[in-house]
Structure formats: C-alpha cells, structure tokens
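Taking it in order: structure first as structure tokens, then the write-up.
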Amino acid sequence: VLDLLSSTRERLGVASTKQVEGDFRESYRLARESLDKGIPQLVDAGGVLGPADADVATLDFFKVVSSEFLAATRKKVEERLSSASATKRGAPETAQTHLREAQGWLIDEVWTNDHLQALRPQLEEVEQELEEVERLLQRFQEARKKVTEARAVGVVASERLRLLNDAQQLYPDYPNIKSYLDDARDNLAGELAGAVEAQIVEARRLTLQE
C-alpha cells in the first residue's frame with residue numbers, strides 16, 4: 001500500500017517537476033490532463049506554488065503554469081517575429097522558417113480553447129507577416145533561378161549581364177546582386193575590348209597583305 005501511495009504521489013508530482021525543469025509545455029499538458037480527468041489535487045514536487053511536495057489544488061496549479069506557459073510562448077513568438085522582420089528581405093526562407101515555427105506554437109493542440117483565443121491576436125500578426133514573407137520568397141526564388149543561370153559555366157558575358165539585371169529587377173535585395181552585376185559588367189567590357197582588339201589586328205593583317 002505504501003509503495004502504491006508513493007508511486008501515486010510521484011505520478012501526481014511530475015507536472016510540478018516538469019515546470020521547475022523549464023518544460024512548460026509538458027507541465028501544462030499534464031496539469032490540463034489532470035483537470036480533464038477530474039483529479040482534484042496534485043503534488044507540488046518542485047515547489048511551484050509554495051513548499052515542495054505539498055498537496056495543491058489542480059486548478060490552482062494549472063492557473064499558475066498556464067500563465068507562465070502563455071508568457072513564455074508569447075516571448076518566443078515575439079523573438080521569431082523580430083528575427084523574421086530583420087531577415088525577410090535578404091533571407092526570406094529563414095524568415096519563413098521562423099514564422100512557421102511561431103505559428104506552430106500558437107496553434108499547438110495542447111492549448112485549451114480559451115488559451116487559443118487569448119493567443120489569437122498574435123497568431124493573426126504572425127500569419128500576416130507570413131503572407132508577406134511568402135510573397136517575397138516567391139520573387140526571391142525566381143531571382144535566384146536567374147542568378148544561378150547567369151553564373152553557370154559557359155554563359156557569355158552579355159547573357160550573364162541580362163540575366164543578372166532581370167534578377168535585380170525581380171528582387172533588388174538579392175544577396176550580393178550588385179557585386180555580381182559589377183563583375184558581369186567588367187567581364188562584358190573585357191570581352192568587348194578583346195573583340196575590338198581582334199578586329200584591329202585583323203584589319204592590320206589585311207592591310208599588310210594588300
């Protein structure tokens with residue numbers, strides 16, 4: 001019987017232990033599960049609400065861990081929004097990854113309906129930003145295709161320059177596009193200068209033959 005009681009108290013204390021360990025999601029999930037099962041009390045093994053190993057009302061515990069989980073989630077989402085805002089022009093793929101991660105946190109199946117509603121304004125902000133980033137990403141990918149074609153081996157300088165100009169028009173913030181264009185212009189100038197020199201040499205040769 002003592003072993004059974006000890007095992008039961010240990011099981012009822014897992015949510016508190018997870019909270020102290022920083023696993024807010026798992027603590028929230030376990031506390032919510034206990035509420036849904038009608039378990040009136042948990043063991044506050046980690047001392048989240050007060051003295052360690054004290055019996056606490058499940059609802060009181062859930063309120064505390066909910067508040068902390070919500071706050072932690074909102075903070076992480078804000079960090080992802082800030083990161084996406086800073087990277088979306090030069091690296092829209094990275095921004096998209098961060099925003100999708102944030103979106104996933106906000107629609108996590110672990111949340112109660114009330115908490116999903118509380119997070120709704122932030123979810124709408126993330127989804128609006130995601131729409132913009134995905135539009136940018138489409139143009140970025142089109143520009144990248146042209147840059148890749150332009151930088152392939154064997155592409156003549158005039159075609160390379162044309163492709164890079166097209167890429168810049170599609171996506172002015174494409175990484176290193178100005179440097180690529182400068183190199184392409186230099187290459188084209190070199191090719192033209194070489195062609196002119198070749199024509200001069202050929203003209204002199206013909207003159208000498210006459």
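The values are calculated or read from the model by the stated rules, or taken from the named source; none is laboratory data. Just so it is clear, the model here is predicted, and its values are computed rather than measured. Here Cβ is always computed from backbone atoms with ideal geometry, including for glycine, and neighbour counts include all displayed protein chains. Surface areas here come from the heavy atoms of the whole protein model, side chains and all, with no ligands, DNA or RNA. Shrake-Rupley method; radii C 1.70, N 1.55, O 1.52, S 1.80 Å.
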Enumerate the pairs (first residue in region 9-24 and closer than 15 Å to Phe62 by Cβ; second residue anywhere and part of a loop (DSSP other than H, G, I, E, B) and open to solvent by less than 50 Å² (accessible area, probe 1.4 Å)) with beta-carbon separation below 7 Å, excluding pairs fewer than 6 apart on the same chain, so at least 6 apart or on different chains.
-> Gly13/Ala45; Ser16/Ala45; Ser16/Gly46; Ser16/Val48; Gln19/Gly46; Gln19/Val48
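Please determine, by comparing only the residues of region 86-99 that are part of a helix (DSSP H, G or I) and over 8 Å from the mean Cα position of the chain (by Cα), which one is surrounded by the most Cβ atoms within 10 Å (Cβ to Cβ).
Checked region 86-99; the qualifying residue surrounded by the most Cβ atoms within 10 Å (Cβ to Cβ) is Pro92.
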Check Glu159, Glu142, Glu129 and return the single one that is surrounded by fewer than 17 Cβ atoms within 10 Å (Cβ to Cβ) and at pLDDT 95 or above.
-> Glu142
Residue within region 100-122 that is open to solvent by 30 Å² or more (accessible area, probe 1.4 Å), assigned to a helix (DSSP H, G or I) and in contact with a Ser or Thr (Cβ under 6 Å, 6 or more places away or on another chain) present | yes
Looking only at region 46-80, and only at residues there that are of a type in the set (Ser, Thr, Tyr) and surrounded by 17 or more Cβ atoms within 10 Å (Cβ to Cβ), the one that is nearest to Asp36 (Cα to Cα) = Thr58
Would you be able to say whether some residue in region 154-168 is over 29 Å from Asp23 (Cα atoms) and of a type in the set (Ser, Thr, Tyr)?
-> yes
Among Ser34, Ser83, which is free of Cβ contacts under 8 Å to residues at least 60 places away in the same chain, touching a helix residue (DSSP H, G or I) at 6+ places or on another chain (Cβ under 9 Å), assigned to a helix (DSSP H, G or I) and open to solvent by 20 Å² or more (accessible area, probe 1.4 Å)?
-> Ser83
For Ala84, are the conditions met, namely being within 25 Å of Arg135 (Cβ to Cβ) and aliphatic (A, V, I, L, M)?
-> yes
Over region 145-155, the set of residues β-branched (Val, Ile, Thr) and either exposed (fewer than 15 other Cβ atoms within 10 Å of the Cβ) or in contact with a strand residue (DSSP E or B) (Cβ under 8 Å, 6 or more places away or on another chain) (or both) is Thr148, Val153
